[in-house]
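The values are calculated or read from the model by the stated rules, or taken from the named source; none is laboratory data. None of these values were measured; they are calculated from a predicted model. Here the Cβ positions follow ideal geometry from the backbone for every residue, glycine too, while neighbour counts run over all protein chains shown. Note: areas computed on protein heavy atoms with side chains; ligands, DNA, RNA excluded. Shrake-Rupley method; radii C 1.70, N 1.55, O 1.52, S 1.80 Å.
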Amino acid sequence: MTDASSTQRTLVLVKPDGVRRGLAGEVLRRIEAKGYTLVAVELRRADEALLVEHYAEHAGKPFVGPLVEMMASGPVLAVVAEGHRVVEGFRSLAGATDPTLAVPGTIRGDFGRAWGRPVIENLVHGSDSPESAAREIALWFPGL
Ligand code: IDP
Ligand code: MG
């Protein structure tokens, strides 16, 4: 199929814990090995305003302060990946939010664990719907 409906994009972030662990390349490798296309890749530091906007759905939750602080603690690898059903596909590659329970074979299941800190460190972010993806890509890559 070559119609526009077959093309979808998602925003992936290798979070600072993932970059610190040296897993940026591994995450890109898994996205490419699964067959998705990289559209944009940028290593950058996110400022607080961007992160608060990015996590707007979690505003008011007790972990949002520690989450924004953790996300600003070092560089993030921001990635736009493309392919039919890539939003669901990357969520499947990432695994469950809780890295203790994430299934081995997933990024979080293979490389993540609990550290007993106020925010769950789970290495990657992936948009949770096509609507979230459009909103998040516009935030992180306004030029795309
Ligand atoms: P997701 O990243 O799997 O989509 P969300 O529920 O959107 O999970 O939460 C965003 C991020 O906030 C998570 O990836 C994790 O880092 C953190 N987080 C989510 N729930 C909790 C919690 O209950 N305690 C601490 N941190 C959390
Ligand atoms: Mg989410």
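Just to check I understand the Karplus step: with θ = phi - 60° and J = 6.51 cos²θ - 1.76 cosθ + 1.60, what whole-Hz values come out for the stretch 69-84, glycine and proline as x?
Rounded to whole hertz, the list is 4, 5, 5, 9, 7, x, x, 10, 9, 9, 9, 10, 10, 10, x, 4.
What dipole magnitude, in Debye to the nearest 20, does the stretch 63-144 give about its Cα centre under +1 on Lys/Arg Cβ and -1 on Asp/Glu Cβ?
In total the dipole reaches around 120 debye.
Which residue, V12, F141, I120, has the largest displacement toward the positive end of the dipole of the chain when charges sit on each Cβ (Lys, Arg +1; Asp, Glu -1)?
Value computed over the given set: I120.
Using the heavy atoms of the protein chains alone and a 1.4 angstrom probe, what is the accessible area of the chain per residue in square angstrom?
52
Among 34-41, 13-20, how do they line up from the highest to the lowest mean number of other beta-carbon atoms within 10 Å?
The most tightly packed comes first, giving 13-20, 34-41.
What percentage of the solvent-accessible surface of the stretch 1-96, computed with a 1.4 Å probe over protein heavy atoms, is contributed by carbon and sulfur atoms?
52
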